1. Every residue in region 199-215 that is under 24 Å from residue 138 (Cα atoms) and open to solvent by 20 Å² or more (accessible area, probe 1.4 Å), please.
2. Within region 237-259, track down each residue that is modelled with pLDDT of 85 or more and touching an Asp or Glu at 6+ places or on another chain (Cβ under 9 Å).
3. Taking region 109-131 on its own, how many of its residues are closer than 14 Å to residue 166 by Cβ, free of Cβ contacts under 8 Å to residues at least 40 places away in the same chain and either open to solvent by less than 60 Å² (accessible area, probe 1.4 Å) or of a type in the set (Ser, Thr, Tyr) (or both)?
4. Check region 74-94 and report whether any residue there is farther than 18 Å from residue 159 by Cα and not hydroxyl-bearing (Ser, Thr, Tyr).
5. So residue 62 ticks every box in (1) open to solvent by 60 Å² or more (accessible area, probe 1.4 Å); (2) within 16 Å of residue 245 (Cα to Cα); (3) modelled with pLDDT of 60 or more but one. Which box is left unticked?
6. Being basic (Lys, Arg), modelled with pLDDT of 80 or more and open to solvent by 60 Å² or more (accessible area, probe 1.4 Å) is the filter here; which residues of region 271-301 pass it?
7. Within region 88-108, identify whether any single residue is touching a residue at least 40 places away in the same chain (Cβ under 8 Å), within 30 Å of residue 21 (Cβ to Cβ), in contact with a helix residue (DSSP H, G or I) (Cβ under 8 Å, 6 or more places away or on another chain) and not polar (S, T, N, Q), and answer yes or no.
8. When residue 99 is evaluated against the numbered criteria (1) open to solvent by 10 Å² or more (accessible area, probe 1.4 Å); (2) modelled with pLDDT of 90 or more; (3) within 24 Å of residue 171 (Cβ to Cβ); (4) over 17 Å from the mean Cα position of the chain (by Cα), which criterion, by number, is the only one it fails?
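The values are calculated or read from the model by the stated rules, or taken from the named source; none is laboratory data. Every value quoted in this text rests on a predicted model; they were computed, and no experiment measured them. In this analysis, Cβ positions are derived from the backbone assuming ideal geometry, glycine residues included, and neighbour counts consider all displayed protein chains. With ligands, DNA and RNA removed, areas are computed over all heavy atoms of the protein, side chains included. Shrake-Rupley method; radii C 1.70, N 1.55, O 1.52, S 1.80 Å.
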Amino acid sequence: TPVGASLIDAHAGAIAVLGTCVPGVIEKPLRADCGLFMGRAALICGTSTCLMVTKQDGPGCFIAPHGWLYETGQSATGDLLHHVVRSHPACSQLGSPDSRDMFDQLNEHVRRLGGDKWPLLASELHVLPEFRGNRALGDDSLRGMMCGLTLDTSLESLVRLYVATICSLALGIKFIFEHMSSSDPSILPGVLIACGGVAQKNDLYMQAHADVLGIPVVLASEPQAVALGAAMLGAAASDVPGDLGAQMQRMASKGCLVRGTGCADFMARKYLVYQRMLLDQKHYQQCMLSSASEDTEPRVT
């Protein structure tokens, strides 16, 4: 009995979405060759986020003929958004305890207050989203930070903090790309393809990535990407003609290009703050580990 290869759930999701095509943005390969799916990144977004970047040469994790995978991610994504919102005094004003309704309401408030340029709501409020450490740096000593808090407990203050958190998650993905490319510039992808609950249900989250990353950002239409990836692996192991590359091409779902808010310059300035907050926290750690007379300099390694 043919048995498909087993994969971690997010890896199966990556198999499903790496073949996504958007006319004029990501064209479907002309032949069934996994190598033609390289140079793309898959973002599988849920309670946490797995970011997988593909290349045609190793070292890395071998996923298919001509295909190598590099994995990293963020340890808290949906969990962080829930934590920030539910721990704010104004959360009770949102009414419904259902998560989907809660975020739908929040997004409506964001658009009402900020309009098309909603990221500007976080111009004076900054978040470092490393509440569970930084997976890309392999540094579990890092913690979340917020800068710009006041005594305001209104619903508007929650909206602004929520926007700052969404922005920080996108900035964190930019930091990961830059960190990875510091040792291998060729690893930078030409497109990011996202799937998963947060990506599918929160268009603000996706818009923030489109503003920040400077590459096309695509949302895969398949709501069950992990199951689709497992089906592709099963098809490759069965009597269905073609290898895994052929199944990725044949079964891939369509996607849509995500339009940003036009706030790329604003996000670039917030990214400078993100980097500074990261360095500052390392400096604080060094201060607490040294004597008061020692001169410590912040370093991220």
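1. Filtering region 199-215 for residues under 24 Å from residue 138 (Cα atoms) gives 209, 212-213.
The answer is 213, and nothing else.
2. 255, 258
3. Number of matching residues: 1.
4. Kept after step one, since they are farther than 18 Å from residue 159 by Cα, are these residues of region 74-94: 74-76.
Then keep just the ones that are not hydroxyl-bearing (Ser, Thr, Tyr); that gives 74, 76.
Yes, some residue in region 74-94 is farther than 18 Å from residue 159 by Cα and not hydroxyl-bearing (Ser, Thr, Tyr).
5. So the condition that residue 62 fails would be (3).
6. Keep residues of region 271-301 that are basic (Lys, Arg), which gives 276, 282, 299.
Going one step further and asking which of them are modelled with pLDDT of 80 or more, we end up with 276, 282.
Passing the criteria: only 276.
7. yes
8. For residue 99, the failing item is (2).
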